[in-house]
Amino acid sequence: MKRGWGALMSVVIAVSVLAGLYFGIPRVLNLWWYSGIPDLVPKSDVPVTRDLVYAPGAAEVEVLEMSVQGTTLAKEKKTGGGCRFILQAKLRCRMKGKPLQDRPLLQCVQVASRPLKRGHFGDSSEAEIEIFPVSNCIKDAAYQYDAREIEVTIEDIVDAMSMGENVYRVRCGNHTGIVTLYYDPKSSRTGIEKKPSEKKLPLIEIKQ
């Protein structure tokens, strides 16, 4: 009886070890493959949303200035292919047209994107990203209207559309900026720059 119980325990242990190897080895290899690749954690001064926002009686937000750039770049971990980067936009805004006793606040920023053209090596891909600052108001009897400016930094994760050159045209109000990602998974040419470049020299290299 003891011998049979021992044999059964040996089988259970062997099966457990095999199962651990089957499920564990791919995970260990995945962790090793992506070791050193930064996690993309966007940080924004206000919430960023892709949904329509309920903001009755919101003040108009006048965008005075915008600058955009791509920052942290990393491989796409979920699919094992492609790459992503953090798009950073710095806005200088001003609230317009609200009566006294309504204090305007910048509630959030809405981001909408759409592809314009999908290409491959030798033919660039293009997309449009539009940023909408959304305000809200609170009652404040002590508030006296002024035209003070607001400076805000927002960040959002953007995916590569294809291999080769990916051009993102970023719009906010009457301002436009361009960020270009060149993605080649088989070479160190993968990098991101502020505007299209024929040389395609990387400013930020992807970590392998």
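The simple Förster model, with R0 at 22 Å and r as the Cβ-Cβ distance, assigns Asn174 and Asp146 a FRET efficiency of 0.45.
Accessible area, 1.4 Å probe, largest first: how do Val41, Val53, Val170 sort? Numbers along the way, then the final one.
Details: Val41 90, Val53 50, Val170 0 Å².
Reading off the accessible areas and sorting them downward yields Val41, Val53, Val170.
What ranking do 141-147, 108-114 get when scored by the average of other Cβ atoms within 10 Å per residue, highest first? Before the final figure, lay out each step's value.
Working: 141-147: 9.7, 108-114: 16.6.
In decreasing order of mean packing, 141-147, 108-114 become 108-114, 141-147.
Largest first, the extents of the alpha carbon coordinates of segment 60-183 on the three principal axes equal 58, 28, 19 Å. Accessible area per residue for segment 109-173 is 51 Å², calculated with a 1.4 Å probe on protein heavy atoms, without ligands, DNA or RNA. In this simple spin-label approximation, Thr71 and Thr153 carry label points 7 Å from Cα along the Cα→Cβ vector, and these lie 0.5 nm apart. The length gained on full extension between Glu62 and Asp123, counted as 0.36 nm times the residue separation minus their Cα-Cα distance, comes to 18.4 nm.
The values are calculated or read from the model by the stated rules, or taken from the named source; none is laboratory data. From a predicted model like this one, the values you see are computed outputs, not experimental measurements. Here Cβ is always computed from backbone atoms with ideal geometry, including for glycine, and neighbour counts include all displayed protein chains. To get the accessible areas, we keep the full protein, side chains included, count just its heavy atoms, and leave off ligands, DNA and RNA. Shrake-Rupley method; radii C 1.70, N 1.55, O 1.52, S 1.80 Å.
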